[in-house]
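The values are calculated or read from the model by the stated rules, or taken from the named source; none is laboratory data. In this text, all values refer to a predicted model and were calculated from it rather than measured experimentally. Because the Cβ atoms are built from the backbone with ideal geometry, glycine has one as well, and the counts that use them run over all protein chains shown. When the accessible area is computed, the model is the full protein with side chains, heavy atoms only, and any ligands, DNA or RNA have been set aside. Shrake-Rupley method; radii C 1.70, N 1.55, O 1.52, S 1.80 Å.
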Amino acid sequence: MKTMTTLACLAILSSVQQPPAGPLIRENATVKLTEHVWAIPDFNVGLVPNVGIVVGSKATLVVDTGLGPRNGETIVREMKKVSANADVFVVLTHYHPEHSLGASAFAGAKLLMTRVQQQDMAERGKQIQDTFASRSALTAELLNGVPYPKPDILFDREYRLDLGGVHARLMWRGPAEMHTRGDTMIFVEEDRVLFTGDVVMSQRFLAAQNTSSIATWIATLDELASLKPARVVPSHGSIGDATLVARDRAFLRMVQDRVGELKRAGKSSDEAVAAVVADIAPKYPEWGNPSGAAAVARAAYAEAR
């Protein structure tokens, strides 16, 4: 049996004792995904989104803006390394602060938004901003006094943006709620790159709400799969391909079927959640603690007939 050296033990102890990374987008971390598309990975750090930069011959589109203006300014600097376009558009996958509240850093950019996402900001934004700010001194500093952004272009179900040589298709699939009411997905047509927001996740369980419609979520994933994306960029977690969509769909369908059976058998919501956490969630070990599946199970139970 091998014994660890003192240096090895100290290295492990140091890694254990290190505090979690702060919610800051990394400088000099931008990676090229395809001819027109770059991403700034989140490195699976909480409250940091995967950021997209889509560059055409006429304009640039940025997908998500980080937690507050300091993060937004980092994205602007990274954007300028890969694009010299004067015209810039910004789209937010949803209203949560790590996706939306860096928008003020994009001076002169045009912000596109679904009407429902604007409604989310007006009705729910302040509460979640205060919640995020209470998590640490750093999050409080990043969000201090930051207003929600005002859209320049509002759309309903879809909007197609011509960036010059490449087109971005912005999609909203309500009115039923998935992660939020205003979830917006972006498909870069020529490059077949899909930005999913929190409708698709990697390295973690999908974050449902009590009011989420699992049926709508599954139907939306079916539509996203039909686009046959070559690269899939979830809001959080590692960037992948269409298997990310398929894996989330399989999980949702498995939960939907199991919970429906239990509800029809007279089991309570708590019993159905316990069954999902015990029997289904462990099939997805890369997503972390099985209790993360509870929110999806509760939403599925509420919707089941």
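Taking amide H atoms as placed 1.01 Å from N in the peptide plane, the amide H of LEU111 lies under 5 Å from those of VAL90, ASP152, ILE153, each 5 or more residues away in sequence or on another chain. For the chain, the Cβ-based charge dipole about the Cα centre amounts to some 240 debye (Lys, Arg positive; Asp, Glu negative; other atoms uncharged). Taking GLY145, GLY102, GLY72 as the candidate residues, the one with maximal mean-square fluctuation in a Gaussian network model of the chain, Cα springs under 10 Å, is GLY145.
Taking every protein chain into account, the accessible area of the stretch 177-305 amounts to 38 square angstrom per residue (probe 1.4 Å). Helices in the chain that qualify as membrane-span-like (whole DSSP H runs, Cα extent of at least 27 Å along the helix axis, mean Kyte-Doolittle hydropathy of -0.5 or higher) are 243-264.
For the residues MET185, MET79, MET254, a GNM of the chain with alpha-carbon springs under 10 Å puts the largest fluctuation on MET254. Length gained on full extension, ASP156 to ALA140: 2.5 nm, using 0.36 nm per residue less the C-alpha separation.
Residue separation of ASP257 and GLN209 scaled by 0.36 nm, minus their Cα-Cα distance, works out to 15.4 nm of gained length.
Of the solvent-accessible surface of the stretch 223-305, computed with a 1.4 Å probe over protein heavy atoms with every protein chain present, carbon and sulfur atoms account for 54 percent.
Among LYS80/LYS110; LYS32/LYS58; LYS58/LYS110; LYS81/LYS228, which pairs are too far apart, with a Cα-Cα distance over 25 Å? Cα-Cα > 25 Å for LYS81/LYS228; rest within.
Farthest towards the positive end of the charge dipole of the stretch 87-132, among the residues VAL91, VAL116, GLY102, is the Cα of VAL116, using unit charges on the Cβ of Lys, Arg, Asp and Glu.
Using C-alpha pairs below 8 Å separated by at least 6 residues, the relative contact order for the stretch 98-167 is 47 percent.
Available extension along the chain between SER291 and SER268 is 6.6 nm, counting 0.36 nm per residue and deducting the alpha carbon span.
If you take the Cα centroid of the stretch 15-86 and the Cα centroid of the stretch 162-185, the two points sit 19 Å apart. Annotation: for a label point projected 7 angstrom from Cα along Cα→Cβ of ILE128, residues of the stretch 71-112 with backbone N closer than 14 Å are 92-102.
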